[in-house]
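For reference, the structure is listed below as structure tokens.
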Amino acid sequence: MPSQKVSTMKDVALLAKVSIQTVSAVINGKPGITPETSDRVKKAVLDLNYHPYPGARSLRTRQTNTIALIVADINNPSFAAIASAAEDVAHSNGYNLVLFNTHNDTQREFNYINKASQQWMDGVILVATGDQLTDLDSLEKAGIPIVFLERIPFGYLGPSVTMNNYKTGNIAAEHLLELGHKKIAQIVGPQRLRIACERSDGFISGLKSAGLVTEGLVSVEGDWSCESGYRAMQLIMKGYEIPTAVFVANDRMAIGAMQAIIDKGIRIPEDISVIGVDDIEVSSFQSPSLTTIRQPFEQMASQSVDLLIDCISGKEPEIIQIIIEPELFLRKSTSSIR
């Protein structure tokens with residue numbers, strides 16, 4: 001006979017429609033959980049015949065006041081801003097923060113998650129490498145909560161903080177359309193990532209809502225770097241008809257795209273308008289300064305630490321999946337069609 005699948009805490013959380021941290025809090029008898037939620041979790045435990053890891057409760061009595069922050073690429077100024085803000089908030093709450101940089105390597109990410117459980121971290125904040133949900137069993141067995149930040153895998157129902165990326169694309173489309181642009185291209189982020197897909201989908205949806213035919217929309221994929229934005233813009237300008245505007249999925253690629261346009265002898269924004277996403281510090285110091293949609297990294301980092309501390313203490317957060325609204329910052333890289 002085939003062996004029966006052993007239920008995990010994640011299975012219980014999915015059935016009870018709560019976070020893994022809430023399941024852990026109920027099992028460990030922590031305060032702050034409503035009776036209704038507690039009953040729902042206990043029923044799911046019975047229905048699934050779930051047996052908690054026997055050492056988890058005793059393990060969590062050993063606290064280190066240390067939080068792990070795992071990021072995909074610390075060279076990315078967005079993640080550097082996240083790390084700085086997260087460290088400030090952690091420190092003000094009496095926690096040390098340990099930084100792990102995965103270099104966009106999923107195996108290294110898996111190793112760091114295991115290391116966080118082995119080194120008795122109180123909690124983990126993860127800026128994931130990709131959209132495949134990394135195996136979190138080691139954290140679950142040790143009773144260590146996790147919060148996903150910025151990049152949220154499809155299907156993940158636990159604690160998370162991100163921006164409304166679909167609306168971000170919508171805002172970019174609305175801005176360029178209001179300026180009268182119709183020949184529009186886009187430089188998208190890696191399509192293996194949910195945030196990149198959502199920004200592109202939101203942008204295309206915004207164009208369609210205005211009646212624009214998008215079947216022939218020129219779209220080139222980059223990898224978030226300045227270099228990839230430069231190469232993508234070169235490809236776009238080799239096309240039969242050069243666009244009057246381009247939406248770029250992050251500021252670094254937008255800065256690279258702007259340099260490619262300038263090197264071609266084309267004017268910004270007189271000939272091509274450029275809009276990015278993130279509002280990294282250098283964006284306002286470009287020539288011309290970059291119109292962008294701000295992703296509030298400091299706010300997101302702060303809320304992720306607060307959310308994680310709630311989970312560590314066993315408190316059930318009011319909002320378990322926090323979505324931040326994007327904001328358009330007008331500068332000099334976009335203008336009305338000439």
Of the criteria (1) in contact with a helix residue (DSSP H, G or I) (Cβ under 9 Å, 6 or more places away or on another chain); (2) among the β-branched types (Val, Ile, Thr); (3) more than 16 Å from residue 64 (Cα to Cα), which one residue 146 fails: (3)
Every pair of residues 6+ apart whose Cβ atoms lie under 8 Å, when the first sits in the stretch 111-124 and is of a type in the set (D, E, K, R) and part of a loop (DSSP other than H, G, I, E, B) while the second is modelled with pLDDT of 90 or more and surrounded by 15 or more Cβ atoms within 10 Å (Cβ to Cβ): 122/66; 122/67; 122/95
Filtered residues of the stretch 165-224 (kept if among the polar types (S, T, N, Q), outside any helix (DSSP H, G or I) and within 18 Å of the chain's Cα centre (by Cα)): 191
Single unsatisfied condition, residue 254 versus (1) in the same structural domain as residue 217 (by TED's automatic domain parsing); (2) of a type in the set (A, V, I, L, M); (3) part of a strand (DSSP E or B): (3)
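Working carefully through the options 273, 289, find the one that is surrounded by fewer than 19 Cβ atoms within 10 Å (Cβ to Cβ), over 19 Å from the mean Cα position of the chain (by Cα) and closer than 25 Å to residue 195 by Cα.
Exactly one of 273, 289 is surrounded by fewer than 19 Cβ atoms within 10 Å (Cβ to Cβ), over 19 Å from the mean Cα position of the chain (by Cα) and closer than 25 Å to residue 195 by Cα, namely 289.
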Which numbered condition residue 262 misses (of (1) β-branched (Val, Ile, Thr); (2) in contact (Cβ under 8 Å) with a residue 12 or more places away in the chain; (3) farther than 30 Å from residue 32 by Cβ): (2)
Residue within the stretch 51-74 that is more than 23 Å from residue 123 (Cα to Cα) and either modelled with pLDDT under 80 or not aromatic (Phe, Trp, Tyr) (or both) present: no
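The values are calculated or read from the model by the stated rules, or taken from the named source; none is laboratory data. Quick caveat: nothing in here was measured; it's all calculated off a predicted structure. Glycine also receives a Cβ, built like all others from the backbone with ideal geometry; neighbour counts cover every protein chain displayed.
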